[in-house]
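What follows is a single structure, written as structure tokens, with notes after it.
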Amino acid sequence: MSDSDWTTSSNDALVLSLVSPSPTGGLKTITTFRPQFTYPIFGDEEQIFGYKDLRIQLRFHASDMRPNVQVTFKDQFQAIGETEPTDIDGIMKEFLPEVAFQKVKSFTAAIQNVPEDWTPPGELVSTLNISGSSTFGVWKGTLADPVVKQIVNRIQILVPLYIEGGTALDLEDPDLDRWTVFFLYEKRPIPGEPNNYTYLFAGYCTVYAFYPFRAPVTPPASPSPEFELGSSDFSLSQLPCRSRISQFLIIRPFQNKGLGPRLYAEVFKFYYAHPQTFEVTVEDPNEAFDDMRDIADLHFLRENLPEFNALHIDTSIVIPKTGFAPKDIVDRAACEAVRQKAKIAPRQFYRVLEMHLMSKLAKSVRPSVTAIEESQKKNKKAATPQEQHEYELWRLVVKKRIYVHNKDALGQLDLKDRIEKLGETVDGVEFDFARLLSKAEGQRKRMLEEDASAVAAGVPTSNGKRKAEDGGDDKAEDGNGQSNPKKARFASSVEDAEV
């Protein structure tokens, strides 16, 4: 019998589920779902050797996410020398707490003993209504809270199963209070029990408070002879910080419901109002999260900062035929004032600003996802010289940003190739912005419809990797040029980045 007869795909063998106590005793399965990949756990080949009809059930209590692993199979390979079956429990113990390996009877008893009035840990930040019928809540706590820490410890295995290149948080870190966790839970009414609810885990986001050294603009005055040291109970939380989103995940049963953008918006709004946070950044975002973030930031800036909407292209500027590009095509000082007020990192802010300014161009010159078809229309209105001039100024703004962020690579090209490469890159940016603006319009329309539906039903609404063109996110903005040593690789669920 060949080895292939004893080999099983770990992606096929592993099945995850959310369960809850059944009214008649035992457990009921609420939903079942598959991992996105398993190579961080079972190796690059994603294969498990030594079993027939292998099934690995990883069940979570839907509320407190208590895990339980059960491995079943029809037949097991008898070890021959050093060739033996994969030690499944031994491997998974590296990713799950010890409680996950209890007997099913103990798991069932533990779930049934959870109080009926259980609620997610931490502080309720906001309530969200989705599609007029589902209610979700966002709860916030820090890893210094034992209950928050316990839930994070239980769900750490989701990181290698869904986040490309993701790493688990170090829960033994002495600075756990720097980590804030936002839990997303669905709030479901219990039939026949008014005002009683059950909570289903839907996703989470972790944020790290980074305290960079910020040199004073002017030297401080010398201390007086009566100067005294601060009290020993001084907390770092009183200092200005960058709040860096590290992990962001919506689990599969709750994807494609618009929850990703909603959770991100709530997290951002919290830190926008947080006095100590001077900037919100993201650690190593993937492209799906970038899309979601671009659109969410665009909505936020348009709806909350009139100063952002006032930013415009200075069409009085003349474009020279040779030499350097003109400065302040868009008032730089005004841009920086808005950016700092919005607490958005420079690269992200200027990218979103460019997208916004593109949306304000005349339709005759504004790039679109159907640009080729539009250009072929016989009745298409021709651009005026003024409209064409504004469009060319906009392209210069984009070119300057791209050149700055890719100076080393572009500097190796001769002038002709450099100009050609920049032009091609801006063409790609145009299409990407057009795609995002189209999605932003659709997303905004859906959210307004959901909010209107919620108001009509008396339900409370919310209260409350970068593409090559710019070389990534906010990696070198810690003030000292160093990346954060306590970072955890970030990604979002690709399927939930729908916009």
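Where a number appears in this text, it was derived from the coordinates with a stated rule and is not lab data. Please read all numbers here as calculations on a predicted model, not as lab measurements. Here the Cβ positions follow ideal geometry from the backbone for every residue, glycine too, while neighbour counts run over all protein chains shown.
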Q) Exactly which chymotrypsin sites (Phe, Trp or Tyr not before Pro) in segment 101-180 are in a DSSP loop and have at most 11 other Cβ atoms within 10 Å? A) none
**Q.** Residues whose placed amide H lies under 5 Å from that of THR281, excluding near-sequence neighbours
**A.** SER243, ARG244, ILE245
Q. Relative to a virtual label point 7 Å from the Cα of THR315 in the Cα→beta-carbon direction, which members of segment 379-406 show backbone nitrogen distances below 13 Å?
A. 383-394
Q: With a cut-off of at most 12 other beta carbons within 10 Å, and DSSP calling the residue loop, which chymotrypsin sites (Phe, Trp or Tyr not before Pro) in segment 272-367 qualify? Please list them.
A: PHE324
Q: Within segment 66-145, list the GluC sites (Glu not before Pro) lying in a DSSP loop whose Cβ has at most 16 other Cβ atoms in a 10 Å radius.
A: GLU82, GLU94, GLU116
**Q.** Radius of gyration and Dmax over the Cα atoms of segment 3-112, both given in Å
**A.** 14.9, 50
Q. What's the extension gain from ASP145 to ASP44 if we count 0.36 nm per residue and subtract their Cα-Cα distance?
A. 32.8 nm
(Q) Given axes a ≥ b ≥ c from the Cα gyration tensor, I'd like to know whether segment 31-76 is rounded (a/c under 1.5), prolate (a/b larger than b/c) or oblate. (A) oblate
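Antiparallel DSSP bridges in segment 3-112: what percent, to the nearest 5? Don't skip to the end; give the middle numbers.
Numbers: 18 of 24 bridges.
Just about 75 percent of them are antiparallel.
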Q: Mind putting a number on the dipole of segment 3-112 about its Cα centre? Charges go on the C-beta only, +1 for Lys and Arg and -1 for Asp and Glu, and I need it in Debye to the nearest 20.
A: 880 debye
Q) Residue-wise, which Karplus ³J(HN,Hα) couplings in Hz belong to segment 157-162, taking 6.51 cos²θ - 1.76 cosθ + 1.60, θ = phi - 60°, and x for glycine or proline? A) 5, 5, 4, x, 8, 9
